[in-house]
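Colleague: Quick one: structure below, then a few questions.
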Amino acid sequence: QVQLVESGGGLVQPGGSLRLSCAASGTIFSLYNMAWYRQAPGKQRELVAAITTSVRTDYADSVKGRFTISRDNAKNTVYLQMNSLKPEDTAVYYCNTVVRGIVSWGQGTQVTVSS
């Protein structure tokens with residue numbers, strides 16, 4: 001069974017930066033695509049960024065040029081570097097992967113962008 005544990009969330013002022021981490025266990029991390037989603041209060045969960053096993057990346061239009069997803073297979077960890085944060089980025093951020101057809105989610109980490 002895959003376990004995903006996010007960390008790195010917090011309170012940051014508009015224009016600030018945060019780096020989220022997601023540590024994976026229970027699978028061969030390097031074999032699977034990884035993604036970050038977020039869910040704001042009263043809104044549906046949405047895809048923020050994804051990274052394939054060949055390190056191809058994709059981003060939601062709302063975060064392009066500000067967020068960067070990366071992975072370190074030696075550490076079984078995927079990262080989300082978030083720069084130029086805006087109040088509308090406030091949400092719970094979740095790590096995600098699909099292993100043999102089974103979707104796994106982390107517990108989420110809260111990101112709040114506010115002055």
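The values are calculated or read from the model by the stated rules, or taken from the named source; none is laboratory data. Note that this is a predicted model, so its numbers are computed, not measured. Methodologically, a virtual Cβ is constructed for each residue, glycine included, from the backbone with ideal geometry; neighbour enumeration extends over all protein chains shown. Please note that ligands, DNA and RNA were not included when accessible areas were found on the heavy atoms of the full protein model with its side chains. Shrake-Rupley method; radii C 1.70, N 1.55, O 1.52, S 1.80 Å.
Colleague: Which condition from (1) farther than 19 Å from Val103 by Cβ; (2) free of Cβ contacts under 8 Å to residues at least 12 places away in the same chain; (3) over 12 Å from the mean Cα position of the chain (by Cα) is the one that Tyr59 breaks?
Modeller: (3)
Colleague: Report every pair of residues separated by at least 6 positions or lying on different chains whose Cβ atoms are under 8 Å apart, first residue within region 76-91 and under 30 Å from Ile28 (Cβ atoms), second open to solvent by 40 Å² or more (accessible area, probe 1.4 Å) and among the aliphatic types (A, V, I, L, M).
Modeller: Asn76/Ala23; Thr77/Ala23
Colleague: For region 104-115, what are the residues that are surrounded by fewer than 19 Cβ atoms within 10 Å (Cβ to Cβ), among the small types (Gly, Ala, Ser) and either under 11 Å from the mean Cα position of the chain (by Cα) or assigned to a loop (DSSP other than H, G, I, E, B) (or both)?
Modeller: Hits for region 104-115 are Gly108, Ser114, Ser115.
Colleague: Among what's in region 51-66 and is of a type in the set (S, T, N, Q) and over 13 Å from Val78 (Cα atoms), pick the residue that is most open to solvent (accessible area, probe 1.4 Å).
Modeller: Restricting to residues being of a type in the set (S, T, N, Q) and over 13 Å from Val78 (Cα atoms), the top hit is Ser54.
Colleague: Go through region 14-36 and give me each residue that's touching a residue at least 60 places away in the same chain (Cβ under 8 Å) and over 16 Å from Val99 (Cβ atoms).
Modeller: Answer for region 14-36, where residues must be touching a residue at least 60 places away in the same chain (Cβ under 8 Å) and over 16 Å from Val99 (Cβ atoms): Pro14, Gly15, Gly16, Ser17, Leu18, Arg19, Leu20, Trp36.
Colleague: Right, here's the next one. Of all residues in region 38-64, which are under 15 Å from Lys86 (Cα atoms) and in contact with a Ser or Thr (Cβ under 8 Å, 6 or more places away or on another chain)?
Modeller: Ala40
Colleague: Can you find a residue that is farther than 18 Å from Gly108 by Cα, surrounded by 14 or more Cβ atoms within 10 Å (Cβ to Cβ) and touching a helix residue (DSSP H, G or I) at 6+ places or on another chain (Cβ under 8 Å) anywhere in region 27-50?
Modeller: So far as region 27-50 goes, yes, one or more of its residues are farther than 18 Å from Gly108 by Cα, surrounded by 14 or more Cβ atoms within 10 Å (Cβ to Cβ) and touching a helix residue (DSSP H, G or I) at 6+ places or on another chain (Cβ under 8 Å).
Colleague: Still on this structure, I have one more. What number of residues within region 71-103 are out of contact with any Gly (no Cβ under 8 Å at 6 or more places or on another chain), open to solvent by 50 Å² or more (accessible area, probe 1.4 Å) and among the small types (Gly, Ala, Ser)?
Modeller: Qualifying residue count for the region: 2.
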